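To start, the structure itself, in structure tokens.
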Amino acid sequence: MAKQTRDAEFTEFVAARAPWLRKVAYLLCGDWHRADDLVQESVTKLYVRWSRLSRLENLDGYARTVLVNTFLAEQRSPWGRWAARRRTGAVPEPAAAGTDLDLSVDLRRALAALPPRQRATVVLRHYCDLTVEQTAAALGCSTGNVKSQTSRGLDALRRSLGQQDRQDRQDRTDLPNLRDLRPAVPVEGAAS
């Protein structure tokens, strides 16, 4: 009976958080299929530890950390390096209706061009809306490292977006807000 209760709790948690985890994974890797794989691998890791995790206060934060660490480990693996060389730069799937599709595609393309650690810090800071300290804890690094990686990542995004079709972007000289891509429902562990 305890296993059924544990499985039911886990299923409820995953059903509620899977779309959010998939969006974060997509922002990290830039490919919906890879995002699904990252989420599946992260969910598997969570399930193995679920009996201990269900007592945690911030399950969302732990799940996000597992997802980011899974992504970063994949980037360091020989497969991740090979896959990075093979990427063609294809246009991602269209964003939700009501958004500036060209800007969204440009932003995602620029985000995909960032090195994995910079991409992870930018996504955690500006999409997940974590503080510097929360991001450092999620990545297992110092707050100074988070600040420098975020700064470099944002500078690279600004340069990349500034080079793309300047005439169409004259009224949008600042970096688009990643918060516009966030889910409507706040997630536990995010800064207010």
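The values are calculated or read from the model by the stated rules, or taken from the named source; none is laboratory data. These numbers come from a predicted model, not from an experiment. Here Cβ is always computed from backbone atoms with ideal geometry, including for glycine, and neighbour counts include all displayed protein chains. These area figures cover heavy atoms from the full protein model, side chains too; ligands, DNA and RNA do not enter into them. Shrake-Rupley method; radii C 1.70, N 1.55, O 1.52, S 1.80 Å.
A few notes on this one:
- Count - residues of segment 20-79 that are under 19 Å from E9 (Cβ atoms) and charged (D, E, K, R): 7
Condition check ((1) among the aromatic types (F, W, Y); (2) part of a helix (DSSP H, G or I); (3) open to solvent by less than 20 Å² (accessible area, probe 1.4 Å)) across all residues:
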position	(1), (2), (3)
R6	no, yes, no
E12	no, yes, no
A16	no, yes, no
P19	no, yes, no
R22	no, yes, no
Y26	yes, yes, yes
H33	no, yes, no
L38	no, yes, yes
K45	no, yes, no
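- Selection of segment 142-173 for residues being modelled with pLDDT under 90 and either over 20 Å from Y127 (Cα atoms) or in a loop (DSSP other than H, G, I, E, B) (or both) yields G162, Q163, Q164, D165, R166, Q167, D168, R169, Q170, D171, R172, T173.
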